[in-house]
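Heads up: the structure comes next, in structure tokens.
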């Protein structure tokens, strides 16, 4: 009898302990993110793969009120996004939709903080209380917030000294260091060669004072963080901005144009190995070349191409962007940037935004950490520019992406097994259609459905037959 009572007590105690652990886990917010053991991807603290599907909601903090912010975040959660990239201080005189300034006299070392944080008391609810509110709301919805503390142009123009940057970054790290859903995007559309010492000061402060948060550098267009900070102690993963220009518009030395997979290739060839991601490709609904609305506008097919090219090349995720959403274009805005033609409330449902989840879901259906890029899967006709086909594989699966539905010549035998099953995956709607079973040797041709044309993109999936 005593043994039975003792057993029951142990069970009850164990149950209570587990319940308490669960409550503590829930109270601490989202799982901590970290770099995977193979240094290629991200995972959470429990070892689960984390596929970064980001959205650029750059002006979220300054232009949306509380209800609008919730509308935007709910939409992004429904579409499978799990990271929101946002500017904290866009420019030094920035104020939010409630008229609250972020800084005292445009000095980042003097955040404009008032006593209290009650929304009903307008004198107490300041710019930073609003930032807190949105970050907390995002956390409850399962969203990580990738913060650019101060946009790079302000630093490059001399508006932020090293001393000011030191004070500000320490203040930010201390204020948000205990939040579970923060990622630091140092820089902000700038070259690391501009004010290098300042970026190192800020990055080191985040690293030391908020050690549980990942940190990277958001660079200027057609550049990558690895150019300047690959060996920095504070940099956890690389980020590149493939940018908004066509092949014929790219005037950089590398001249990669739209070939964003080449940035991934370059980063993954460096030592030490670090994860990398396209943190800003061409936005859906923005002019090709960025500044001239008379040019054609990038569309959902272009965003899919950037996404699959970079991820299959080895990227650990992808950041989508929309022109009207990134600037939160509203009816009261007289002159939208870059010829934005929609308001953010419409643009959040443009086709590309709803299609990104299919890539995320696809990658999470396969063994995540073993995946490697492998162009040897393409026996012939890898192609260039829009003809380019990109391949990736694990031990028992392989995937090849084509942007225009061009026939694939596949070198079999790259994955385990004597036979494989093949299927087509549609990036536009996430549907998968069986092709058949094949011998896993020699070269096999696969002809995607439809005509050869831009935007008729498909993924060939090969799975080992057990």
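What follows is calculated from the coordinates using simple rules that are stated; it is not laboratory data. Just so we're clear, the structure is a prediction, and the values are computed from it rather than from any experiment. Here the Cβ positions follow ideal geometry from the backbone for every residue, glycine too, while neighbour counts run over all protein chains shown.
Some observations on this one:
- The distance linking the range 410-466 with the range 275-290 is 28 Å (Cα centroid to Cα centroid, whole angstrom).
- Residues 245, 265, arranged from fewest to most other Cβ atoms within 10 angstrom of their Cβ, appear as 265, 245.
- Distance from the C-alpha centroid of the range 66-113 to that of the range 169-223: 17 Å, rounded to the whole angstrom.
- Estimated 222 nm signal from helices in the chain, with DSSP H stretches of n ≥ 4 weighted -39500 (n - 2.57), rounded to 500: -9000 deg cm²/dmol
- Global geometry of the range 102-217, whether rounded, prolate or oblate, following the gyration tensor of its Cα atoms and the 1.5 cut on a/c: oblate
- For the chain, the share of alpha carbon pairs falling in successive 10 Å distance bins from zero is 4, 19, 29, 24, 13, 7, 2, 0, 0 percent.
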